[in-house]
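Have a look at the structure that comes next, please.
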Amino acid sequence: MPSAFSAAALASFIAVASAAVEEAPPLPGPVLWLHTMQNLNNDEQWPIYSALLERAAKAGYTGVSIFDSRFIMRALQTPEYKAKVKRFRQRCDELGLTIAANAMPWGYGEEMMSNDVNISEGMPVKGAPFIVRDGRLVPHDPQLALRNTGLEEWADGKPTAWEVDDLGVVAFRDEEVKAEGAASLRFTDMVKGEHKRSRLIQRFAVAPWRNYRVSAMVRTQDCTNRDVRMMALGAFPLNWNPLPIEPTMDWKRIDVTFNSLEEREVGIYIGSWAGGTGSMWVDDVRIEPAGFVNVIRRESSPITITSEDGATTYAEGKDYGEIAQGLKYRVEPWHEPPVVTIPSGSRLKEGQVVLASYEHALQNMTTNNMAICMSEPKAYEEARVEIEFIEEHVDPQVYFLAHDEIRMAGWDHACSSRGLTPGQLLADNIAKCVDIVESVAPGKPIVVWSDMFDPHHNAFGGAVPGHSDDGHFFLAKGKHPWHEAWKGMPKNLGVVNWNNGNVDSVRFFAGEGHPQVLSHDDPARLKTWLDAVGDQPGVVGAMYTTWEGNWDPIEAYAEVFKAWKDRGAQKKPTR
């Protein structure tokens, strides 16, 4: 729980930050936006995008929401790109469309990390053993082991040490197709099984606060399985990596990494959570310490290497070589970690075991779903530079903060040392981000995605449909981690509500005083939502939002919104 000092400091900051933006105008309505994700540098796509904007304007849309990763990726902000941003702005002006520019992607932080990889949220490693071997410092964990890794040993029709869902129905021993040894495990037509899925499972001992690599050989043939994972499960899942499976592929080694956090035993699950047809084979499963893969190098994430008894601390560059930055902004689950050599004159001796503490980035869900550390000052410097670029070159009428789907928070030293929950960290963060926009672009409305601040969505404080009963949310620290994140939101901050027709969500934000734009991709479901909302104060618009590139319904969507708006106008008293 946060200390009294930390909570008081947070409340004080939020009050000051909120006061600083008190005069910012609320989002004026009614608005009807089209949400787009567009690379404005792409000349091939520009005519198609320009035609879509024209079509939206003719249908009655008042503005366009745009996410372009180059708004924040400084290396790509060439003079040519800036000219194309100007072309976009001029086109919107011609069509009478306002621009809501998306910025500050704290949950999908890959683009922000392209400027500085070390602003990633970090996962802690504490006292991991390394050994000096052949003049190098290498990971050392002789107690770590899986059993029957090659799936050779079977007894009573089952692979020794493993559990398998629907064994003998959709999962089988295969002695004809294998990567090594005598056999592999084959999953065939999982859709026929009782659970419509099948996983290979083994539980084993781990040490807390360690970074591990798990890998397996995988082969497929006409495989339609979805949600294929290699997951480490403790009290809750320790990684979320959909595997790069092709429908038909030859044997391929696939890797994931996970941090054990506070766990002493985990289960490895390999298979599909949404089985289809065709076959998938698994063989030669391995686990090993991951070492310094994806290590973070920043002041708040130091690397400390000590003797086993902790009495001696060794120096980088003197006792061991530089631990090079292997982390890339497109974070890979696994790549060969940096080689750490032992220089001449080191106090470390061949065969000596030392303990290393450090922090590392961890791919979560997809390569771009990388959370940015909300306690790292450099991250806010990057955010300010992005807003300055957008203000100068886009000059939008509205700023749209991209605080959605933040799935990792609270573990690294910069965050944990503050004694705040992820929700309190986010409350602090949103107040700071609004303050940055207001200082760079005073007088412009600001909106944010709803999900991370909505107690009926990701900021849940109790049982909510669609969330695990234990209260965990991906790799955010603690139970109900995002609860009360909304307490940092200045009252004039608008909300783009994408809680799929949830009326309680709309009522909550209305009660908090936030103007709302309702976001959906289905005209019929938008109508149901608007009808249920009625004349709820604070609903100022709607936004058509597709993640599938389906623009067919935009006219029908506009008609639904227009009918709702007209009904509201008819209810107003005339003078």
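Would you calculate a helix-derived [θ] at 222 nm for the chain, using -39,500 (n - 2.57) for each DSSP H run of n ≥ 4 and dividing by the full residue count, to the nearest 500?
That comes out to -7000 deg cm²/dmol.
Can you pull out the GluC sites (Glu not before Pro) in segment 175-273 whose DSSP state is coil and whose Cβ has at most 16 other Cβ atoms within 10 Å?
Glu175, Glu176, Glu180, Glu194, Glu262
If the cut-off is 16 Å between C-alpha atoms, which aspartates and glutamates fall inside it for Lys491, apart from same-chain ones fewer than 8 positions away?
Partners found: Glu22, Glu23, Asp428, Asp435, Glu438, Asp454, Glu512.
Something else now. Using the Kirkwood radius built from alpha carbon pairs, what does the Stokes-Einstein equation give as D for segment 141-194 at 4 °C and 1.567 mPa s, in µm² per second?
Stokes-Einstein gives a translational diffusion coefficient of 106 µm²/s.
Looking only at segment 25-69, which residues have a backbone nitrogen under 18 Å from a spot 7 Å from the Cα of Glu548 in the C-beta direction?
35-37
Could you tell me which residue out of Gly317, Ile66, Val503 lies farthest along the dipole of the chain toward its positive end? Charges go on the beta carbon: Lys and Arg +1, Asp and Glu -1, centred on the Cα centre.
Val503
Divide, for segment 260-323, the radius of gyration over alpha carbons by 2.2 N^0.38 Å, where N is the residue count.
Here the Cα radius of gyration is 1.81 times the empirical estimate.
Given 0.36 nm per residue, what is the gain on full extension from Arg87 to Arg567 after removing their alpha carbon distance, in nm?
169.1 nm
Right, here's the next one. With the cut-off at 1.5 for a/c, could you classify segment 122-366 from its C-alpha gyration tensor as rounded, prolate or oblate?
prolate
Compute log10 of I(q)/I(0) for segment 268-405 with the Debye formula, placing one identical point scatterer on every Cα and leaving out solvent, at q = 0.09, 0.15 Å⁻¹, to two decimals.
After summing over all Cα pairs, the log10 values are -0.49, -0.97.
Show me the ranking of peptides 145-154, 42-51, 482-491, 438-447 by mean Cβ neighbours inside 10 Å, starting with the highest.
482-491, 438-447, 145-154, 42-51
Hey, could you pull the Cα Rg and Dmax for the chain, both in Å?
Considering the chain through its Cα atoms, Rg and Dmax are 26.1, 91 Å.
If the cut-off is 19 Å between C-alpha atoms, which aspartates and glutamates fall inside it for Lys349, apart from same-chain ones fewer than 8 positions away?
Cross-link targets: Asp134, Asp141, Glu308, Asp309, Glu316, Asp319, Glu322.
Same structure, new question: Using DSSP to define loop residues, name the trypsin sites (Lys or Arg not before Pro) in segment 227-268 whose beta-carbon has at most 10 other beta-carbon atoms within 10 Å.
Those that pass, being in a loop and sparsely packed, are Arg264.
Just in segment 300-389: which trypsin sites (Lys or Arg not before Pro) are loop by DSSP and have at most 16 other Cβ atoms within 10 Å?
Lys318, Lys328, Arg330, Arg347, Lys349
Over the chain, what is the relative contact order in whole percent, taking alpha-carbon pairs under 8 Å and six or more residues apart?
Taking the mean separation of contacting Cα pairs over the length of the chain, I get 19 percent.
State the antiparallel share, in %, of DSSP beta bridges confined to the chain, rounding to the nearest 5.
65 percent
Given a Förster distance of 45 angstrom, what is the FRET efficiency for Val385 paired with Asp156, based on the Cβ-Cβ distance and rounded to 0.05?
0.10
Taking Lys82 as the anchor, which aspartates and glutamates have their alpha carbon closer than 18 Å to its alpha carbon, excluding any fewer than eight residues away along the same chain?
Reachable aspartates and glutamates: Asp43, Glu44, Asp68, Asp93, Glu111, Glu386, Glu388, Glu391, Glu392, Asp395.
Bear in mind that the values in this text are calculations on the coordinates, not laboratory data. Remember, it's a predicted structure, so these values are computed and weren't measured experimentally. Cβ sites come from the backbone with ideal geometry, for glycine too, and all protein chains shown count toward neighbours.
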